[in-house]
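The values are calculated or read from the model by the stated rules, or taken from the named source; none is laboratory data. Keep in mind the model is a prediction, meaning the values are calculated, not measured. Every residue, glycine among them, receives a Cβ derived from its backbone with ideal geometry; neighbour counts consider all protein chains shown. Protein only, heavy atoms only, side chains kept; ligands, DNA and RNA dropped before computing areas. Shrake-Rupley method; radii C 1.70, N 1.55, O 1.52, S 1.80 Å.
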Amino acid sequence: MRDTLQDSVEKSEAIVNVWYSVNGERLGTYNGHTGAVWCVDADWDTRHVLTGSADNSCRLWDCETGKQLALVKTSSAVRTCGFDFGGNIIMFSTDKQMGYQCFVSFFDLRDPSQIENNEPYMKIPCSDSKITSAVWGPLGEFIIAGHESGELNQFSAKSGEQLSNIKEHTKQINDIQTSRDMTMFITASKDNTAKLFDCTTLEHLKTFRTERPVNSAALSPIFDHVVLGGGQEAMDVTTTSTRIGKFEARFFHLAFEEEFGRVKGHFGPINSVAFHPDGKSYSSGGEDGYVRIHYFDPQYFEFEFEA
């Protein structure tokens, strides 16, 4: 997936698309979902793709052909999903809605009967506050889950036990992304901040502050840089002039927590940001229905931050 982008910008059609990041050409689609697609993940060798949707299903696809390989039906919308380190185990979380509580389910793809019978090897209830974002920790030993309440949890992928719990955010956690080496992760929250944590200990390391809700945050794989995307809630967008420029991607220095650059472009809140694995470009997806790919200028690679 090095030079392709996966997204689900056509949420009204519930189609997951693959695009070439080099020229913006659409490579293909994954057809099957009937509701908004909330999460997409590819395994380490990009043979399989996992998607979760508001149509109460999680689906496994052949990445190259777009063929649907498996369908897991759920009682409520699937909010987050992901492959573990080896690509053998999948996890997904479901929303707390329509009288159903939030669950995290784990399936081992090496045992086809689990998918066929819709019987995960482990299902963890989260009754207090629903999970709004979740990622696998290093080596697939646990998952890190962010909640509507602003809490962060670690759940063991073997026993389901809650290993640790902290609350550094005051509002909902919208996004969690890990560093390339899986030692750290960054959270994006409605409380107008993004925060850096240690993956293993959940120690809070850094805070990046803005004036608007942060919907997504990503860590550069080659520099000590962080990119944040956000903006006001979608329902408030029509009452605010876009000239105010709150729809910029904002760059911070990882160690000094100081902002050093902004990139304009979107005409609505930015919902997701991601660095290319080579660190030479980044992409952002916005409420305006566009995915924008930005290649960094040569000066970016020569830039030295003055503390």
Check: Which condition number does residue 207 fail, the rest of (1) assigned to a strand (DSSP E or B); (2) surrounded by 15 or more Cβ atoms within 10 Å (Cβ to Cβ) being met?
Finding: (2)
Next item on the list: State which residue is farthest from residue 17 (Cα to Cα) when the search covers only segment 56-68 and only residues that are within 19 Å of the chain's Cα centre (by Cα) and not in a strand (DSSP E or B).
Entry: 56
Next item on the list: Kindly check whether there is at least one residue in segment 223-236 that is aliphatic (A, V, I, L, M), closer than 30 Å to residue 295 by Cα, at pLDDT 95 or above and surrounded by fewer than 17 Cβ atoms within 10 Å (Cβ to Cβ).
Entry: no
Note to self: I'd like to know if segment 155-163 contains one or more residues that are on the phi < 0 side of the Ramachandran plot, in the same structural domain as residue 255 (by the TED database) and open to solvent by 70 Å² or more (accessible area, probe 1.4 Å).
What the structure shows: no
Next item on the list: Give the residues of segment 59-101 that are closer than 26 Å to residue 15 by Cβ and touching an Asp or Glu at 6+ places or on another chain (Cβ under 7 Å), sorted by residue number.
Entry: 69, 76, 77, 79, 81, 82, 83, 87
Margin query: If the requirement is being at pLDDT 95 or above and either farther than 27 Å from residue 173 by Cβ or buried (at least 19 other Cβ atoms within 10 Å of the Cβ) (or both), which of these qualifies: 28, 52?
Written below: 52
Notebook entry, point to check: Given the conditions (1) at pLDDT 95 or above; (2) in a strand (DSSP E or B); (3) surrounded by 15 or more Cβ atoms within 10 Å (Cβ to Cβ), and given that residue 71 satisfies all but one, which numbered condition is not satisfied?
Noted result: (3)
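A quick yes/no check of all residues on (1) in contact (Cβ under 8 Å) with a residue 40 or more places away in the chain; (2) buried (at least 17 other Cβ atoms within 10 Å of the Cβ); (3) assigned by the TED database to the domain that holds residue 272; (4) among the charged types (D, E, K, R):
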site: 38; (1), (2), (3), (4): yes, yes, no, no
site: 45; (1), (2), (3), (4): yes, no, no, yes
site: 57; (1), (2), (3), (4): no, yes, no, no
site: 67; (1), (2), (3), (4): no, no, no, yes
site: 93; (1), (2), (3), (4): yes, yes, no, no
site: 102; (1), (2), (3), (4): no, yes, no, no
site: 107; (1), (2), (3), (4): no, yes, no, no
site: 115; (1), (2), (3), (4): yes, yes, no, no
site: 132; (1), (2), (3), (4): yes, yes, no, no
Checklist line | Of the criteria (1) without any contact (Cβ under 8 Å) to a residue 40 or more places away in the chain; (2) assigned by the TED database to the domain that holds residue 86; (3) open to solvent by less than 70 Å² (accessible area, probe 1.4 Å), which one residue 123 fails | finding: (3)
